[in-house]
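The values are calculated or read from the model by the stated rules, or taken from the named source; none is laboratory data. Owing to the predicted nature of the structure, the values given are computational and were not obtained by experimental measurement. Positions of Cβ are backbone-derived with ideal geometry, glycine not excepted, and every protein chain shown enters the neighbour counts. Protein only, heavy atoms only, side chains kept; ligands, DNA and RNA dropped before computing areas. Shrake-Rupley method; radii C 1.70, N 1.55, O 1.52, S 1.80 Å.
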Amino acid sequence: MSDALSDLRASVDRAAAALGGTPKAPPALERPKQAGHGDYATNAAMLLTKALGRPPRDVAADLAAALQEDLGDGLAGFEVAGPGFLNLTLSDAWHAGALAGALEAGEAWGRSTPARARWVNVEFVSANPTGPVHIGGARNAAYGDALARALELAGHRVHREFYVNDYGSQIQLLGRSVQARARGEEIPEGGYLGGYITDLAGQIPGAAAMELDELAQRAVALMVDAARASLERFRVTFDTWFSEKALHDEQKVERAFELLAQQGRTFEQDGALWLRTTELGDDKDRVIERASGEHTYFASDIAYHQDKRERGFDLLIDVWGADHHGYVPRMHVGFQALGGAPDELELVIMQLVSLREGEKKVSMSKRAGEFVTLDDLVDDIGVDAARWYLLQRSHDTTIELDLELAKQQSSENPVYYVQYAHARMAAILREATAAADPTPPAEPLHPSERALVRSLLAWPAEVAEAAERRAPHRIATYALDLAQTSAAFYRDCKVRGEPSEAFRVAVCRATQQTLASALGVLGVSAPDEM
């Protein structure tokens, strides 16, 4: 979908080409940081100076002339600044045309068509089903879901997946813990101590005498159901809940071993089966089947990623917890050993999140039963605040969530501030007497009107950038900036009863539409009244 800002970038490219030179890099087009330096600035002249053999300020003056010819009355003025930056001032008519494009796009505003649309498998949360989803899993859930939404808006096809680790020693330990509670006995050493274990024992008839494997799987099924309910309450749903146990039951691990053997990637030593990961850059080869015949966790991961490859995805994005950082290189070489290309697998590592209760931080241990669950967090501050605060910082930084601030209904609370901006636009639209009309009004646009239109125009690029960089926190930053810019418009530009009411109604409609879209990517509601 074309938009005015993309068209302006294309005009800069055409003007640069008209001068006969080829820039050494794509020219930038940015909003100046200081007021009075135009609407947009470009460094195109400085990138052309070597090719043209002329001073950059001279090149900038010629570039402005070429742009004037290309843009016509869309370019109201220009200034050559500093070493050769070209500051551009666009006309009111240009701003009005840009606004019209945003309104015409409707709910599709912000959507784009990437150069390469991909079918993406985003696997996230994937917590062991041995306890409720806790605060760390909540951050993983918010990030993975927002990333999936951003990728979809950016034109990709997305499949959301939860990998259920329902195989191995931790599942047996869960079964023994539940059985101990059912029998009124002490939890076995290293077992799970939370109150949810007692609840599980009460939900499974005959748990005290049940065969351990069956009991463990019954407990897992209940925990998965509970996780699904908690996540759906958090507005997170999955297309697939993939069972690790099924990999073994359906012989998919063995088939992955056969594939690796056919490619000469495995060897036997000391009775164990090894993968030659050093050939692909790992610091040592890795065991995938122990001498006892037991498969390692790495073996399950290899088989799981081979299953994803066979399902036809173009790109696999795994969102892992901070404790998996050291596992990243090993998974990459395992994936390449299967024949996967390096750019077909991305491993995103989330950093830790903590809660602040006064000066006290809440410690979390699944086995000790001392942790804050996703449901606890939602009960305390609600879905909207929880998702916003878990998403407003980059995934690769630690965050401390201020529960008191998250509950405030004031401008100090960013999620409330952005939602209120949306509700304020909705209120203006309800009270307006004129229909939205982006036709340029007779009187000059107020600087706050122009600034708000330019903020709206940044939305498609922000979506594309957030998706490309796997950075949904950029959407939160953008939404807050748009809300602040709309507050200045509300302060400076009366709508109802003004000669330019129809145009300002159009500005409000586009602003409401864009705020709703941004909040939607974050999974936060956009209320019409507050």
The condition from (1) farther than 24 Å from His395 by Cβ; (2) open to solvent by less than 10 Å² (accessible area, probe 1.4 Å); (3) in contact with a Pro (Cβ under 8 Å, 6 or more places away or on another chain) that Pro441 misses is numbered (2)
The stretch 174-201, residues that are under 18 Å from His248 (Cβ atoms) and either aliphatic (A, V, I, L, M) or within 31 Å of the chain's Cα centre (by Cα) (or both):
Leu174
Within the stretch 127-156, can you find the residues that are open to solvent by 20 Å² or more (accessible area, probe 1.4 Å) and over 12 Å from the mean Cα position of the chain (by Cα)?
Ala127, Asn128, Pro132, His134, Gly136, Gly155, His156
In the stretch 225-244, how many residues are part of a helix (DSSP H, G or I) and surrounded by fewer than 17 Cβ atoms within 10 Å (Cβ to Cβ)?
5
Would you mind telling me which numbered condition in (1) over 21 Å from Thr373 (Cα atoms); (2) surrounded by fewer than 23 Cβ atoms within 10 Å (Cβ to Cβ); (3) over 18 Å from the mean Cα position of the chain (by Cα) Leu215 fails?
(2)
Would you check which residues across the stretch 423-481 are part of a helix (DSSP H, G or I) and polar (S, T, N, Q) and list them?
Ser448, Ser455, Thr477
With a cut-off of at least 2 residues that are without any contact (Cβ under 8 Å) to a residue 12 or more places away in the chain and among the aliphatic types (A, V, I, L, M), name the helices (runs of 4 or more DSSP H) lying wholly within the stretch 1-107.
4-18
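Condition check ((1) open to solvent by 50 Å² or more (accessible area, probe 1.4 Å); (2) assigned to a loop (DSSP other than H, G, I, E, B)) across all residues:
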{"site": "Arg255", "(1), (2)": "yes, no"}
{"site": "Ala261", "(1), (2)": "yes, no"}
{"site": "Trp274", "(1), (2)": "yes, no"}
{"site": "Glu279", "(1), (2)": "yes, no"}
{"site": "Ser292", "(1), (2)": "yes, yes"}
{"site": "Asp307", "(1), (2)": "no, no"}
{"site": "Phe313", "(1), (2)": "no, yes"}
Glu185 passes all but one of (1) under 30 Å from Val521 (Cα atoms); (2) part of a loop (DSSP other than H, G, I, E, B); (3) among the acidic types (Asp, Glu); which number fails?
(1)
Just a yes or no: is a residue in the stretch 41-55 under 19 Å from Pro447 (Cα atoms), modelled with pLDDT of 95 or more and either touching a His at 6+ places or on another chain (Cβ under 7 Å) or open to solvent by less than 40 Å² (accessible area, probe 1.4 Å) (or both)?
yes
Count of residues meeting criterion [at pLDDT 95 or above and open to solvent by 30 Å² or more (accessible area, probe 1.4 Å)] in the stretch 348-374:
1
Within the stretch 265-272, does at least one residue satisfy the condition of being within 30 Å of Arg116 (Cβ to Cβ) and in contact with a helix residue (DSSP H, G or I) (Cβ under 9 Å, 6 or more places away or on another chain)?
yes
Might you let me know whether the stretch 381-388 holds any residue that is open to solvent by 50 Å² or more (accessible area, probe 1.4 Å), at pLDDT 95 or above and among the charged types (D, E, K, R)?
no
Could you say which residue among Glu404, Glu400 is surrounded by fewer than 18 Cβ atoms within 10 Å (Cβ to Cβ), touching a strand residue (DSSP E or B) at 6+ places or on another chain (Cβ under 6 Å) and not polar (S, T, N, Q)?
Glu400
Restricting attention to the stretch 263-272, and to residues there that are in a loop (DSSP other than H, G, I, E, B) and charged (D, E, K, R), which single residue is most open to solvent (accessible area, probe 1.4 Å)?
Asp270
Checking Ala464, Ala506, Ala502 in turn, the sole residue that is open to solvent by 10 Å² or more (accessible area, probe 1.4 Å), farther than 30 Å from Leu347 by Cα and touching a residue at least 12 places away in the same chain (Cβ under 8 Å) turns out to be Ala502
Among the residues of the stretch 81-117 satisfying the criterion of being open to solvent by 30 Å² or more (accessible area, probe 1.4 Å) and among the hydrophobic types (A, V, I, L, M, F, W, C), which is modelled with the lowest pLDDT?
Ala115
